[in-house]
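*Asks:* Please read through the structure below; I'll follow up with questions.
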Amino acid sequence: MIVRIVKMIFREEEVQNFQDLFNERKQLIRTFEGCRHLELWQEKGKPNVFFTYSIWDSEQHLDHYRFSELFKDTWAKTKALFAESPQAWSVEQKMIVPPM
């Protein structure tokens, strides 16, 4: 399993356009083969900073998505709205800490 986190900073006037695009595409991404989970986060106090948090069965599944027409079209529309270059991390969970 692999977790993908992408940080995106949008031009303030494009925030609603991004949210509309995400809402339009989220179900297609969530049901893409190998995607187990998808969330959209917004940085507290910074309304133009967003993160996507997704969980994939494997790096191969993530790569299959990243080379798909769905991703290419979605990413082209998303990156046109950026104020800064995005940052992305692929991470693996190493430990689950149970609640106290």
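Please treat every number below as a calculation from the coordinates, not as lab data. Quick caveat: nothing in here was measured; it's all calculated off a predicted structure. Cβ sites come from the backbone with ideal geometry, for glycine too, and all protein chains shown count toward neighbours.
*Asks:* Is it the case that some residue within the stretch 34-54 is over 17 Å from A88 (Cβ atoms), surrounded by 15 or more Cβ atoms within 10 Å (Cβ to Cβ) and touching a Pro at 6+ places or on another chain (Cβ under 7 Å)?
*Replies:* Checked the stretch 34-54: no residue is over 17 Å from A88 (Cβ atoms), surrounded by 15 or more Cβ atoms within 10 Å (Cβ to Cβ) and touching a Pro at 6+ places or on another chain (Cβ under 7 Å).
*Asks:* Let me ask something else. Please verify whether R4 is under 30 Å from M95 (Cβ atoms), without any contact (Cβ under 8 Å) to a residue 60 or more places away in the chain, of a type in the set (K, R) and in a strand (DSSP E or B), treating the condition exactly as stated.
*Replies:* So R4 fails the test.
*Asks:* Let me ask you something else. Can you pull out every residue in the stretch 89-100 that is loosely packed, with under 12 Cβ neighbours inside 10 Å and under 13 Å from the mean Cα position of the chain (by Cα)?
*Replies:* The answer is W89, and nothing else.
*Asks:* Same structure again: Scan the stretch 1-22 for residues that are more than 14 Å from the chain's Cα centre (by Cα) and crowded, with 16+ Cβ neighbours inside 10 Å and jot them down.
*Replies:* E14, V15
*Asks:* With free of Cβ contacts under 8 Å to residues at least 60 places away in the same chain and of a type in the set (D, E, K, R) as the only criterion, which of E13, E92 stands out?
*Replies:* Answer to the selection: E13.
So that you can scan it fast, the table gives a plain yes or no per residue for (1) without any contact (Cβ under 8 Å) to a residue 12 or more places away in the chain; (2) in contact with a helix residue (DSSP H, G or I) (Cβ under 9 Å, 6 or more places away or on another chain):
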residue	(1), (2)
R30	yes, no
C35	no, yes
W41	no, no
G45	yes, no
N48	no, yes
I55	no, no
Q60	no, no
H64	no, no
F67	yes, no
